Each structure stands twice: as C-alpha cells, then as structure tokens.
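The values are calculated or read from the model by the stated rules, or taken from the named source; none is laboratory data. Since the model is a prediction, treat every value here as computed from it, not as a measurement. Ideal geometry is used to build each Cβ from the backbone, glycine not excepted, and the neighbour counts take in all protein chains shown.
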Ligand code: UDP
Ligand code: MG
C-alpha cells in the first residue's frame, strides 16, 4: 500500500460538540485538495459521545481513521499515538476545536514542498481571542522556553504544524515518556518555515486544558529540557552558605566583644531559611528523580485499544 501524501492528526478529548463542525469543515477542504490523505482522529479516552460519533463518521468517510486510546492520557500522549500511527509523507497536527484554521494545512504543505522544508510551524500572530490569562501565561511560557531550548523555538507556535516523514521518524526515535512536541520539534533543528494565522475562538465545547494541565505542561517542558532548576538548588545552597558564614563571623565578633544578646530572632530566621532551602533542593532532586524513575520503568505513553485501519469491526468498549 502506498502511503498517503498527507496525514492529519487530531487529538480529541470529549469533543462531541465540535466534532460535526470539524468534519464539515475539514472534509470538503481535503477532498477538494486533490491529494491522497488520511485523517487520524485520536480519541483520548473520551467519556462523552466522541468515540461513537467518530466510528459512525468513518463508515462513510473512508479516509477518516479512528485510533482509540484506552484511557485519557493527555494531549501530548494522544499526539504521540497519532504521530506514531500516521503513514503520510507529511503529517500535520491540529486541535479538534477549530481554533486553528484547517485551511492553513494546505498552505503549510505547499510551503514545505516548494522549499523542501521538514517542519512548518503554525504561528499565531493574533491571540486576541484567547483570554487575558491564557495570553499572558502563554507569553511567559514561550519566553522561558526560548531561554532553555534556544532561539529556535518560535513564539506562539503550539501544536499546529506540519512535519515531513523524516522529522516524524526522528521524533519516533525519542524514547521520552512525557514528550513536549512544541519543544522537541524545534530541538530537531531541521529546515523549517512558518505560516502565520489568526487564532479563532473555540468553535464549540469548552477548553480541555484546565490550569492543572497547563502547569503540568510547563513543568514537563522545563524539566525535559534543562537541568537549570537543579543548578538553582546549588546556587541557593551556596548563597545560604555564604550568608551563614557572614552571620557566623558576626556572632563570633559579638561574642568576643562580650556583647552576646541572646538573639533568638536571628537564630529562628536562620533555621527557617536553611530548612526552606534544604526542602527546596530536596524537592528539585525529587522532581528529577521521579522523571528518571518514570523513564527507567519505560511504561508506554499511551495504550491503543482500537485502530480502524487494523480492526474490521468497530468496538464501542474501550
Ligand atoms: N486534548 C486531548 N487530551 C486531553 C486534553 C485535550 O486529546 O487530555 C485535546 C483536545 O481535544 C483538543 C486539544 O487537545 O483537540 C487542545 O485542547 P484545548 O483546545 O481544550 O486546549 P486550549 O486550546 O484551550 O489550550
Ligand atoms: Mg483549543
């Protein structure tokens, strides 16, 4: 079987409201593009009607492929499943909620082919439709990431992008158990280009990225790419050592001058401070230890329960 030219990977978690809108917009677009394609919809353990709706849709849309994960594994894990299973020469990834215009996928493909690029990022040049909070946390996130990973990380490029087969294969060789693709992809350093677009509001349904998931993504991003927080522990340890040294000299001097007022305040603060620094360092070590532990265990990022390209009969149970 010859591989399709384009695969479109779409992670979905409880997207029953937006799914009909997505299909109605994506299908005519791809059908009209005159290329061989597949759409890989990854159902990330949805608990609503997303999965049955997908299974129903793929009966009459042969190019829609449904991959179901056994449980909710998170956006990046669902994306991993999709990237691993996509067969296209080029693989695009896009969110289900139509915040990123699918029309841009064809523009990305044209650009990648014309300039033989391996990566085309979708860059949001206008985020006015995002909430104030989202905009500012995102801005801080990208600023930190550019410092950690390098200038290669484009500003405001999320998970809307196009990858060549070579880039996908390179990503597949990475055994990371908590991949963060918006950093791993720039890290590859393959020839890349950008397509800018305006971010729309979610077409339907509500965000599947609560603050807790945003924090997790940020922590994964930092610890995946940098040991700088560990160094922070060393630096604060050194700093507190010098502070204690100075304070020690000071107290000895006072003692020599027979001026020893029993200052429990300074003692108390010193103990608190040191205790705090030690806990901070322990916590940091623990964070990286935990990650090492997870990598060593080598548990899969996701478990596929069903793939419509492999199984003949759809199974409704996960
Ligand atoms: N998503 C997922 N698993 C999750 C959370 C989200 O597959 O555990 C998908 C979701 O269905 C959507 C994409 O990830 O296609 C981005 O989520 P969302 O649009 O809710 O995030 P936001 O745009 O609010 O950051
Ligand atoms: Mg969204």
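Looking at (1) within 16 Å of ligand 2 (Cβ to nearest atom); (2) at pLDDT below 85; (3) touching a helix residue (DSSP H, G or I) at 6+ places or on another chain (Cβ under 6 Å), can you tell me which one residue 177 breaks?
(1)
Could you tell me whether residue 150 is more than 14 Å from the chain's Cα centre (by Cα), in contact (Cβ under 8 Å) with a residue 12 or more places away in the chain and at positive phi?
So residue 150 fits the description; yes.
Enumerate the pairs (first residue in the stretch 84-103 and more than 10 Å from ligand 1 (Cβ to nearest atom); second residue anywhere and part of a loop (DSSP other than H, G, I, E, B) and modelled with pLDDT of 95 or more) with beta-carbon separation below 6 Å, excluding pairs fewer than 6 apart on the same chain, so at least 6 apart or on different chains.
As it stands, the answer is 88/4; 89/5, since those pairs meet every condition given.
Residue check: is residue 109 assigned to a helix (DSSP H, G or I), at pLDDT 85 or above and under 30 Å from residue 7 (Cβ atoms)?
Yes, satisfied.
Kindly list the number of the only condition in (1) surrounded by 17 or more Cβ atoms within 10 Å (Cβ to Cβ); (2) within 28 Å of residue 301 (Cβ to Cβ); (3) away from ligand 2 (no atom under 16 Å from the Cβ) that fails for residue 100.
The one condition residue 100 does not meet is (3).
Residues of the stretch 31-68 being in a helix (DSSP H, G or I) and crowded, with 21+ Cβ neighbours inside 10 Å, which ones?
50, 51, 54
Restrict the check to the stretch 200-212 and report whether at least one residue is in contact with a strand residue (DSSP E or B) (Cβ under 6 Å, 6 or more places away or on another chain), surrounded by fewer than 17 Cβ atoms within 10 Å (Cβ to Cβ) and either under 26 Å from residue 134 (Cα atoms) or modelled with pLDDT of 95 or more (or both).
Within the stretch 200-212, not a single residue is in contact with a strand residue (DSSP E or B) (Cβ under 6 Å, 6 or more places away or on another chain), surrounded by fewer than 17 Cβ atoms within 10 Å (Cβ to Cβ) and either under 26 Å from residue 134 (Cα atoms) or modelled with pLDDT of 95 or more (or both).
In the stretch 180-206, which residues are touching a residue at least 12 places away in the same chain (Cβ under 8 Å), within 16 Å of ligand 2 (Cβ to nearest atom) and either within 15 Å of residue 80 (Cβ to Cβ) or not in a strand (DSSP E or B) (or both)? Show your work before the answer.
At the first step, the residues of the stretch 180-206 found to be touching a residue at least 12 places away in the same chain (Cβ under 8 Å) are 180-205.
Narrowing the set further to residues that are within 16 Å of ligand 2 (Cβ to nearest atom) leaves 181-182, 197-205.
Matches in the stretch 180-206: 181, 182, 199, 200, 201, 202, 203, 204, 205.
Do we find a residue being within 14 Å of ligand 1 (Cβ to nearest atom), in a loop (DSSP other than H, G, I, E, B) and touching a strand residue (DSSP E or B) at 6+ places or on another chain (Cβ under 9 Å) anywhere in the stretch 132-150?
Among the residues of the stretch 132-150, not one is within 14 Å of ligand 1 (Cβ to nearest atom), in a loop (DSSP other than H, G, I, E, B) and touching a strand residue (DSSP E or B) at 6+ places or on another chain (Cβ under 9 Å), which makes the answer no.
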